[in-house]
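Structure first, commentary second.
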Amino acid sequence: RPRVFSGIQPTADSFHLGNYLGALREWVAMQGEYETFYCVVDLHAITVAQDPELLRKRTRLSAAQLLALGIDPDRSTLFVQSHVPEHAQLSWVLECQTGFGEASRMTQFKDKAARQDAEHVGVGLFTYPALMAADILLYQADAVPVGEDQRQHLELTRNLAQRFNSRFGETFTVPAAHIPKSTAKIYDLQDPNAKMSKSVPSGVIELLEDPKRSAKKIRSAVTDTGREIVYDPENKPGVSNLLAIYSSLTDRTVDELQAAYEGKGYGDLKKDLGEVVVEFATPLQEKVRGYLDDPAELDKVLRRGAEHAREVATRTLRTVFDRVGFLSPA
Ligand code: AQP
């Protein structure tokens with residue numbers, strides 16, 4: 001079976017609808033057909049300032065949400081990044097293969113760095129993509145399910161794999177980005193030209209917020225001029241975003257939705273989509289609470305995942321250390 005790796009940061013109390021529709025839904029769907037490795041990437045989470053207690057809480061919250069969304073620990077290897085030290089070790093080797101210029105071109109770094117003054121931008125934020133490459137390459141992943149915002153990092157990962165392979169001999173599988181077509185980028189409800197992101201809290205639907213609040217946010221989403229409900233991302237980004245969300249949460253195609261809403265107004269669409277989101281989030285939150293009620297069991301699942309991940313990761317790292325010329329400690 002082809003391998004899949006992907007990760008998510010425990011940097012908020014709740015995942016948002018962009019995380020779910022852009023990536024996590026694919027994580028769930030790929031189980032079975034692929035050998036799946038899914039990771040809560042806590043090392044990445046400290047590239048911005050963190051509160052230690054909050055990070056611990058959010059790491060468990062992230063794992064609970066993944067389980068509640070349908071990640072099955074019997075079919076997937078679910079683990080926490082810092083439990084597998086090989087991630088940081090391979091990251092160092094890859095950093096030494098990464099050009100300063102190519103790392104400087106990463107738009108996520110530029111965007112996040114621009115939001116802080118230079119003194120507070122850590123070097124870890126700059127080397128973040130090398131750590132992400134290490135995450136993926138350690139598991140020899142064939143495919144990486146991510147949202148559109150991660151495409152550039154994936155391209156760097158592919159370049160690093162190819163560079164290493166040609167300098168030191170075939171070592172890494174060169175992974176492909178697996179980006180869903182219609183939900184590759186979910187947009188902010190208040191600004192449908194910007195991606196939905198936890199850094200901009202107003203137009204974001206959080207999976208664990210009060211579902212009534214989500215419905216209210218959808219009712220007050222910014223829509224476009226005109227009245228027709230048509231999917232036209234170029235000219236009607238607001239309505240198109242709502243249609244994409246609606247379609248993926250219900251498995252009704254955008255065409256079906258357009259036909260169903262012919263002659264109706266934006267208000268009808270928003271009200272109905274609000275109900276769809278409530279129906280999605282309410283049972284999910286119930287399940288999340290169930291997992292959080294038993295933290296010992298949750299930790300056990302994560303420990304088991306880390307043990308399996310480590311078996312694979314140590315094999316790759318051993319080869320890499322040998323290829324670059326490190327003396328074997330044995
Ligand atoms: N708006 C989005 N549409 C589609 N996919 C998205 N992803 C994130 N936002 C969208 C995908 O979610 C996965 C997890 O990403 P992450 O751990 O990098 O999450 P994040 O960066 O913490 O989420 P944000 O909200 O995007 O954070 P900031 O505000 O820090 O930029 C990834 O596969 C990502 O593509």
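The values are calculated or read from the model by the stated rules, or taken from the named source; none is laboratory data. Just so we're clear, the structure is a prediction, and the values are computed from it rather than from any experiment. Backbone-built Cβ (ideal geometry, glycine too); neighbour counts: all protein chains shown. Note: accessible area is taken over every heavy atom of the protein model, side chains too, but ligands, DNA and RNA are not part of it. Shrake-Rupley method; radii C 1.70, N 1.55, O 1.52, S 1.80 Å.
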Scope segment 119-128; condition within 22 Å of residue 200 (Cβ to Cβ) and in a helix (DSSP H, G or I); matching residues: 120, 125, 128
Selection count, segment 137-168, where residues are within 10 Å of the ligand (Cβ to nearest atom) and not in a helix (DSSP H, G or I): 4
Those residues of segment 185-208 which are open to solvent by less than 20 Å² (accessible area, probe 1.4 Å), under 19 Å from the mean Cα position of the chain (by Cα) and of a type outside the set (A, V, I, L, M, F, W, C), in sequence order: 188, 197, 203
Qualifying helices (runs of 4 or more DSSP H) (wholly inside segment 1-112; at least 2 residues being more than 30 Å from residue 251 (Cα to Cα) and away from the ligand (no atom under 14 Å from the Cβ)): 52-69, 86-95, 100-104
Residue match in segment 161-184 (condition: among the small types (Gly, Ala, Ser), modelled with pLDDT of 95 or more, closer than 14 Å to residue 21 by Cβ and open to solvent by less than 50 Å² (accessible area, probe 1.4 Å)): no
Among residues of segment 218-251, those that are within 13 Å of residue 272 (Cα to Cα), open to solvent by 20 Å² or more (accessible area, probe 1.4 Å) and not polar (S, T, N, Q), counted: 2
In segment 311-329, the residues that are of a type in the set (Lys, Arg) and open to solvent by less than 100 Å² (accessible area, probe 1.4 Å): 323
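Inspect all residues belonging to segment 113-132 and state whether any of them is of a type in the set (Asp, Glu) and within 29 Å of residue 234 (Cβ to Cβ).
Among the residues of segment 113-132, not one is of a type in the set (Asp, Glu) and within 29 Å of residue 234 (Cβ to Cβ), which makes the answer no.
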Number of positions in segment 41-66 that are in contact (Cβ under 8 Å) with a residue 60 or more places away in the chain and open to solvent by less than 60 Å² (accessible area, probe 1.4 Å): 9
Filter result (within 28 Å of the chain's Cα centre (by Cα) and either surrounded by 16 or more Cβ atoms within 10 Å (Cβ to Cβ) or closer than 19 Å to residue 16 by Cβ (or both)) within segment 252-274: 254, 257, 269, 270, 272, 273, 274
